[in-house]
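So the structure is just underneath, and the comments pick up after that.
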Amino acid sequence: MESNQPSLPQLPDNPRLRLDWLMETLGDANSRRLGLFRIPEELVLSVVMPVYNEKRTIDEILRRVRETPITKQIILIDDCSTDGTRELLQSWTPEGSNPQPDLQILFHSQNQGKGAALRTGFAHATGDLVIVQDADLEYDPAEYPRLIQPIVDGRADVVFGSRFIGETHRVHLFWHAVANQGLTFLSNMFTNLNLTDMEVCYKVFRREIIQGITLKSDRFGFEPEVTAKVARFRFPAEGGRRGRKCRIYEIPVSYHGRSFEEGKHIRPLRDGLRALYCILRYAFVD
């Protein structure tokens, strides 16, 4: 007996082609409301991922990064891991036992901190845009398209994610959130920005911006330092006119924070005081 039910279309295997099919089906207006955007094929996104003791999550986060329908340069920087992550990454190099040709893997000879790892990664970035990606599973790479869209549309030069403006998040660590919001408030006072989440991982930059500023913080001072320096950054002067400042946007992102028992690396008191020092230092010096 024949069924009268219409057959479902055969979707293409390629993630970019699946996205094209879905957007064509929904239409442009509905696609934008759902956060679906068509990314130019020629655009390259450099994903810079510091890695320190993330053997449990590195495979899964890379799977999610690879699935995003964007042409990518994926840069991993091992910051002298001691839990077996370093050996795993070494096996993925061209000389290793399981080469991963889509990964560019760099190694620090001693632990230096997230900021130092990011500096190493930024120096090797060749894409049009650069995004920071943690190696845990707290942030979702599926959100790349909407994070980069304000830059693709020509409306922004830098995009910050925000965990505090309306997206799904784990109910988690009250004092950690209070500290983040307090540091963001202090940072805003000196940068004259109105960010809601200066400490967020997800930051996207046009490559000429992130490679055009000098970063010095080795650990979690990276966040207030890069915020202060992006706020002051100016493009080169044109036609005798002073170069314009960065256009900065903020996009809500989901957040699935882990506890310290689950491997969270930040040390609230020490890193919070360091962030406060960096806010004050980079407000007035360098």
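The values are calculated or read from the model by the stated rules, or taken from the named source; none is laboratory data. Keep in mind that this is a model prediction, so the values were computed, not measured. No Cβ is skipped: glycine too gets one built from the backbone with ideal geometry, and neighbour counts run over all protein chains shown. Just so you know, the surface numbers come from the protein's heavy atoms only, side chains and all, with ligands and any DNA or RNA stripped out. Shrake-Rupley method; radii C 1.70, N 1.55, O 1.52, S 1.80 Å.
The table below gives the values:
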{"item": "Accessible surface of Leu129 - all protein chains present, 1.4 Å probe, nearest 10 Å²", "result": "10 Å²"}
{"item": "Largest-first principal axis extents of the Cα set of region 181-227 (Å)", "result": "28, 21, 19"}
{"item": "Distance in nm between pseudo-label sites at Glu24 and Phe185 (7 Å out along the Cβ direction from Cα)", "result": "5.2 nm"}
{"item": "Restricting region 55-153 to chymotrypsin sites (Phe, Trp or Tyr not before Pro) in coil, as DSSP defines it, with at most 15 other Cβ within 10 Å", "result": "none"}
{"item": "For region 236-251 and region 97-139, distance of Cα centres in Å", "result": "28 Å"}
{"item": "Extension gain (nm, one decimal) between Tyr277 and Thr82, 0.36 nm per residue minus Cα-Cα", "result": "67.3 nm"}
{"item": "Fully extended contour minus Cα-Cα distance, from His256 to Arg32, at 0.36 nm per residue", "result": "78.2 nm"}
{"item": "Share of carbon and sulfur in the accessible heavy-atom surface of the chain [1.4 Å probe, %]", "result": "53 percent"}
{"item": "Estimated 222 nm signal from helices in the chain, with DSSP H stretches of n ≥ 4 weighted -39500 (n - 2.57), rounded to 500", "result": "-11000 deg cm²/dmol"}
{"item": "Region 105-230 shape via C-alpha gyration tensor axes, a/c threshold 1.5", "result": "rounded"}
{"item": "Listed candidates [x] 31, 25, 20; [y] 31, 26, 16; [z] 35, 25, 15 - label of the one calculated as semi-axes √(5λ) of the Cα gyration tensor in Å", "result": "[x]"}
{"item": "Solvent accessible area, Å² - Ser81, 1.4 Å probe, full protein context", "result": "10 Å²"}
{"item": "Sites excluded, GluC sites (Glu not before Pro) in DSSP loops with at most 12 other C-beta within 10 Å, longest stretch of the chain", "result": "96-260"}
{"item": "Per residue, in Å², the accessible surface of region 69-154 once ligands and nucleic acids are set aside, probe 1.4 Å", "result": "37 Å²"}
{"item": "Set of lysines near Lys55 by C-alpha distance (under 21 Å), chain-local residues within fewer than 8 positions excluded", "result": "Lys114, Lys264"}
